[in-house]
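I have placed the structure first, in the form of structure tokens, so that the comments after it can refer back to it.
Please treat every number below as a calculation from the coordinates, not as lab data. In this text, all values refer to a predicted model and were calculated from it rather than measured experimentally. Backbone-built Cβ (ideal geometry, glycine too); neighbour counts: all protein chains shown.
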Amino acid sequence: MLADSVVDYGSATHLNMPEARLKIVLDFGVHSKVYTMVLAEQARMLTIGKLAAIAEISTDSLRYYEREGLVRPASLTRAGYRLYGEDSAQRIQFIKHAQACGFTLAEIRELLELREHTTACCSDVRRLAVEKKLQIEARIKALKTMSKALDIMISNCAGDAIPVGECAILAALEEAKSGKKP
């Protein structure tokens with residue numbers, strides 16, 4: 001059985017009584033409506049383990065997302081356990097999908113903030129998506145250049161039982177290190 005609680009809401013300055021303090025006694029008895037509502041609300045909440053299982057991520061990842069400000073528990077139990085709302089699973093799926101599209105956690109945080117901002121519009125999100133696409137295309141171009149360089153080194157390698165000191169690939173990498181072209 002939960003004991004009655006006294007909630008102190010601070011000074012009553014908004015009531016023009018700065019010297020007074022607002023206190024409300026909440027009855028959490030078994031037969032009270034508050035107790036019943038608290039139990040019903042907690043029944044819909046998810047522990048960190050349940051949320052991680054539903055979202056198919058580890059609890060460590062979930063804690064990391066929480067430290068990064070991407071996910072927040074809706075409440076804590078008296079024992080200090082995190083409780084998450086049902087919407088947290090959808091939020092984690094959003095995070096995972098955004099990561100699969102190449103967004104960093106910082107960029108995902110920005111997308112989530114835009115989603116919650118009433119003054120934001122679709123063009124703000126589009127701008128971030130266009131920036132990410134350009135970054136990905138630049139990375140692809142760099143990877144293609146690396147792949148071509150490896151193709152040249154591989155084609156110059158006889159692949160025989162030549163001593164490693166005469167390996168064409170190692171020689172090409174040494175030349176690249178010294179500024180010479182392979």
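A few points about this structure:
- Residue list for the stretch 57-102, restricted to those being free of Cβ contacts under 8 Å to residues at least 12 places away in the same chain and at positive phi: G80
- In the stretch 102-145, the residue that is surrounded by the fewest Cβ atoms within 10 Å (Cβ to Cβ) out of those that are among the aliphatic types (A, V, I, L, M) and either under 21 Å from S61 (Cβ atoms) or touching a His at 6+ places or on another chain (Cβ under 7 Å) (or both) is A106.
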